[in-house]
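Step one of this worksheet: look at the structure below.
The values are calculated or read from the model by the stated rules, or taken from the named source; none is laboratory data. Here the structure is a predicted model, which means the values were calculated and not measured. Here the Cβ is made from the backbone with ideal geometry for all residues, glycine too, and neighbour counts use every protein chain on show.
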Amino acid sequence: MSRNSPKIVPSTPKMSQVPKKEISKKDREILKQLSTGKTDLEVCRALGLLPSQLEQVIRRATQWVDSHETENSDMFMVERALRKRSENLARSLDSRFAALIDISPEAILVVNALTGLIKQANENAANMFGYALEDLLNRSMEDLVPVKYRGIHPAYRIGFLSSSRKRQMGYHPPIFGVKSDGTEVEIAIAITSATDEDVMVICTEFATWSAFHASETVTAKTG
């Protein structure tokens with residue numbers, strides 16, 4: 001080769017020219033199972049998979065969807081499998097959350113801070129405020145607030161959500177709740193964010209909380 005000959009540089013294939021890896025037969029079978037709505041546990045049992053192996057399949061499927069633009073039967077199936085799995089996981093989390101609320105010894109309300117509607121509650125909350133549980137759900141939180149505060153209470157709950165803070169149960173200014181018969185009861189409450197729009201309100205009658213707190217203080221001093 002002469003000194004003046006042009007230097008040949010090997011060309012690098014463009015991304016669009018690089019063949020994209022297709023879904024393996026095994027992964028396709030697993031994803032088909034998920035696309036029918038089966039849970040992770042059901043799929044693992046049916047196909048003899050470990051949870052970690054299923055997670056690897058999901059990771060590969062997600063990467064495959066992200067790298068493909070053409071819509072075809074495989075694309076629809078994989079997207080459906082990923083969507084169904086997300087829905088199942090969300091339902092599972094909701095069920096666990098509801099179970100924890102149900103077994104709590106405290107009265108618990110989950111309230112949409114934007115609308116004020118009570119989305120979840122346990123029997124202890126229903127008993128505290130004198131409602132049947134089904135009557136408490138989808139009721140406005142303001143129904144449990146003394147009449148003189150109902151006008152300003154929505155601003156407090158919306159403001160709490162935007163502040164991303166927590167309110168611990170303790171000696172705050174007196175707080176009263178209104179029962180279904182109109183009588184008021186002094187309560188101690190703790191509030192925390194449950195989701196982007198929901199807050200969890202944990203309530204106990206103030207006299208009960210005060211007595212418990214006093215006994216804990218005595219135990220700590222004498223222990």
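Here are the numbers for this structure:
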quantity	calculated
Scope the range 102-117; condition part of a strand (DSSP E or B) and under 14 Å from Cys203 (Cα atoms); matching residues	Ala107, Ile108, Leu109, Val110, Val111
Residue match in the range 18-35 (condition: touching a residue at least 40 places away in the same chain (Cβ under 8 Å), closer than 30 Å to Ala194 by Cβ, of a type in the set (S, T, N, Q) and not assigned by TED's automatic domain parsing to the domain that holds Ile187)	no
Single unsatisfied condition, Glu71 versus (1) assigned to a loop (DSSP other than H, G, I, E, B); (2) among the acidic types (Asp, Glu); (3) buried (at least 16 other Cβ atoms within 10 Å of the Cβ)	(3)
Residue satisfying all of: in the range 119-156; among the basic types (Lys, Arg) and touching a strand residue (DSSP E or B) at 6+ places or on another chain (Cβ under 7 Å); nearest to Thr195 (Cα to Cα) among these	Lys119
Selected residue (criterion: surrounded by the most Cβ atoms within 10 Å (Cβ to Cβ)) from residues of the range 110-162 that are over 22 Å from Leu100 (Cα atoms) and basic (Lys, Arg)	Arg157
Flag for Glu142 being acidic (Asp, Glu) and either at pLDDT below 90 or in contact with a Lys or Arg (Cβ under 9 Å, 6 or more places away or on another chain) (or both)	yes
